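Note sheet for the following structure.
The values are calculated or read from the model by the stated rules, or taken from the named source; none is laboratory data. Everything numeric here is computed off the predicted structure, so don't read it as measured data. Here the Cβ positions follow ideal geometry from the backbone for every residue, glycine too, while neighbour counts run over all protein chains shown.
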Amino acid sequence: MFKFSSKTHDQLIKKWRENPEFVKAYEDLEEEFALLDEAIKSRKEQNLTQTEVASRMGVPRSAVCRLERGLVSGKMPTFPMLKRYAKAIGKKVEIRLI
């Protein structure tokens, strides 16, 4: 049987950050995490549900769910899909080399 940890998310992250492999993997995905945070923050600031965004995009809600979950797991959506999502939440995608 699976046993749940009694540690908080912050406690788990603190412990995991002691592992150099975790730190490297996290840093490798940091830009994707930032994109996800910004996307979901923008969606919520406008009080939009995944269902409403999906309707605006002309896709099932499950597609928006996968898109947001994909950003978390490091599976970036295609650029056209990301542009559609951004438009649905009233944003634009901007890619810059800095």
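Here is how the numbers come out for the structure above:
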{"read-out": "Filtered residues of segment 43-98 (kept if closer than 26 Å to residue 25 by Cα, assigned to a loop (DSSP other than H, G, I, E, B) and not charged (D, E, K, R))", "value": "74, 76, 77, 78, 93, 95, 97, 98"}
{"read-out": "Residues (of a type in the set (A, V, I, L, M, F, W, C), within 21 Å of the chain's Cα centre (by Cα) and modelled with pLDDT under 75) located in segment 3-45", "value": "29, 33"}
{"read-out": "First in segment 17-29 and aliphatic (A, V, I, L, M), second anywhere and in a loop (DSSP other than H, G, I, E, B), Cβ under 7 Å, 6 or more apart", "value": "23/17; 29/74"}
